[in-house]
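Each remark here refers to the structure printed beneath this line.
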Amino acid sequence: MKLTALLIAATLLPSPAPADELHLSDGTVLQGRLQEETRRGFAFLSVDAKRPKTHARKDVERVVLTWSLPDFLFNDPQWSQQMVDARISSTFREEWGEVEVLRSEHFIVFTNSSAGKKYLVTMEDIYDRFIKLFPFEEQADATLMPVLLYKTNDHYFQFTSDNTSMDIEGARRTGGHATRDYYATYYQAPGDSVHYHEGAHQMVANRLRIRGGGSWFQEGMAVFFEGTLFPGEDPAKGMKAHIKSQRTTPLAELITVRSLLGSSKSESDPGLGRRRYQQAGAVIKFLFEGPHKDAFPEFLERIRKGQGLQQIAAELFETSLAGLDAQFAEFYGA
């Protein structure tokens, strides 16, 4: 189906899905989708814009996130045929073969492999475990979360190169990735820990409705969740030694790192990226289980509203980032 046909068909649907809102200090309210929280502020794609624009923190009063789809043309939570056709045409090449579409209670899987049903079971397991750890109220009209399962890794690498900032070589270093509303991966063991890590990213964005917070927060949530299920990935493992040997990053610096994944490119310290991933997960575990555990739900709410950790530490935890560093070290016995 051509794009023009999709646009015409979409006009027959109910009113567009609600968009995220960016409330500016001058009274302007922008509608669209929050793309990323950066050091400079909030990268926001307005509904009438072709590219996102970054708004400085000082110019933003608050961020309101919704349950919207990334495509403002469609709003059927169970995915209409127009939505299905549009997603297939934008994510699978014709030469990759027929695409099967499978639905469960919370997910919709698009796949050109024969493993779709197995992955639905895995994704629902992720959902069940995630909501027990981070309780949230499921909205009655919550949209099924899409999973793009490719038959071969080459299909996945090509899709990733075509649709993200990663090139083919960057895609080869991943087993899957979650961004916007979807999780994309290729056929491998359905119980692999990578699905739980990336599935957590999808849940944070589309059920906790937190798309900002910085790389440390987003990766920390995924690492912590993964570590609760796979002992070998527990971020607490070896953290005491890292702290004592001063191989952790001060929180004041960690929260400014735009991409923890980018840290892995450090030539002077090849292990920096992995340690920062682990530390981010260990920080979330500290906040979840440590002296501030009773305030963890409020911590998530403040992150959702766009507050940074420095402000949260001062107002909610009644300490500084340096104070949190000290508490973090004490929690891990260092």
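Under 8 Å by Cβ, and 6 or more places apart or on different chains, what pairs join a residue from segment 178-196 that is on the phi > 0 side of the Ramachandran plot with one that is at pLDDT below 90 and not hydroxyl-bearing (Ser, Thr, Tyr)?
These pairs meet every condition: Arg180/Arg33; Arg180/Pro70.
Check Phe110, Phe159 and return the single one that is of a type outside the set (D, E, K, R), in contact with a strand residue (DSSP E or B) (Cβ under 8 Å, 6 or more places away or on another chain), under 24 Å from Arg51 (Cα atoms) and assigned by TED's automatic domain parsing to the domain that holds Ala184. Step through it out loud before you land on a result.
Working: Phe110 fails: under 24 Å from Arg51 (Cα atoms).
Result: Phe159 is the single residue among Phe110, Phe159 that is of a type outside the set (D, E, K, R), in contact with a strand residue (DSSP E or B) (Cβ under 8 Å, 6 or more places away or on another chain), under 24 Å from Arg51 (Cα atoms) and assigned by TED's automatic domain parsing to the domain that holds Ala184.
Test Ser165 against the criterion of being farther than 28 Å from Lys285 by Cβ, without any contact (Cβ under 8 Å) to a residue 40 or more places away in the chain and either in the same structural domain as Leu260 (by TED's automatic domain parsing) or out of contact with any Cys (no Cβ under 8 Å at 6 or more places or on another chain) (or both), and give yes or no. If you could, list the steps in order and put the result at the bottom.
Numbers: farther than 28 Å from Lys285 by Cβ: yes; without any contact (Cβ under 8 Å) to a residue 40 or more places away in the chain: yes; either in the same structural domain as Leu260 (by TED's automatic domain parsing) or out of contact with any Cys (no Cβ under 8 Å at 6 or more places or on another chain) (or both): yes.
Judged against the criteria, Ser165 is a match.
Hey, could you check segment 1-45 for residues that are in a strand (DSSP E or B) and in contact with a helix residue (DSSP H, G or I) (Cβ under 6 Å, 6 or more places away or on another chain) and say which is modelled with the highest pLDDT? Steps first, answer last, please.
Here is the first cut: in segment 1-45, the ones in a strand (DSSP E or B) are 20-24, 29-37, 41-45.
Remaining after also requiring in contact with a helix residue (DSSP H, G or I) (Cβ under 6 Å, 6 or more places away or on another chain): 24, 41.
Values: Leu24: 86, Gly41: 83.
Ranking the qualifying residues of segment 1-45, first place goes to Leu24.
Among Asp125, Asp85, Asp154, which is the only one that is closer than 22 Å to Phe225 by Cα and outside the structural domain of Ala295 (by TED's automatic domain parsing)? I'd like the intermediate steps shown before the answer.
Numbers: Asp85 fails: closer than 22 Å to Phe225 by Cα; Asp154 fails: closer than 22 Å to Phe225 by Cα.
The unique qualifying residue is Asp125.
Could you check, for segment 168-176, whether at least one of its residues is hydroxyl-bearing (Ser, Thr, Tyr) and touching a residue at least 24 places away in the same chain (Cβ under 8 Å)?
Restricting attention to segment 168-176, the residues satisfying the condition of being hydroxyl-bearing (Ser, Thr, Tyr) are 174.
Narrowing further to those that are touching a residue at least 24 places away in the same chain (Cβ under 8 Å): none.
No, there is no match, as no residue in segment 168-176 is hydroxyl-bearing (Ser, Thr, Tyr) and touching a residue at least 24 places away in the same chain (Cβ under 8 Å).
Pairs please, first residue from segment 46-65 and part of a loop (DSSP other than H, G, I, E, B), second anywhere and hydrophobic (A, V, I, L, M, F, W, C), Cβ atoms under 8 Å, 6+ apart in sequence or on different chains.
Val47/Ala19; Val47/Phe72; Arg51/Leu45; Pro52/Ala43; Pro52/Phe44; Pro52/Leu45; Leu65/Leu34; Leu65/Ile210
Exactly one of (1) modelled with pLDDT under 80; (2) charged (D, E, K, R); (3) in contact with a strand residue (DSSP E or B) (Cβ under 6 Å, 6 or more places away or on another chain) is unmet by Asp71. Its number?
(3)
So in segment 117-140, with the set limited to residues that are within 17 Å of Gln78 (Cα to Cα) and without any contact (Cβ under 8 Å) to a residue 40 or more places away in the chain, which one is surrounded by the fewest Cβ atoms within 10 Å (Cβ to Cβ)?
Among those residues, the one meeting the criterion is Ala140.
Quick one: Gln158 ticks every box in (1) modelled with pLDDT under 95; (2) buried (at least 16 other Cβ atoms within 10 Å of the Cβ) bar one, so which box is it?
(1)
Might you check whether a residue that is in contact (Cβ under 8 Å) with a residue 40 or more places away in the chain and farther than 16 Å from Ile255 by Cβ occurs anywhere in segment 314-326?
no
The values are calculated or read from the model by the stated rules, or taken from the named source; none is laboratory data. Fair warning: this is a prediction, and the values are worked out from it, not measured in the lab. Note that each Cβ is placed from the backbone with ideal geometry, even for glycine, and that neighbours are counted across all protein chains shown.
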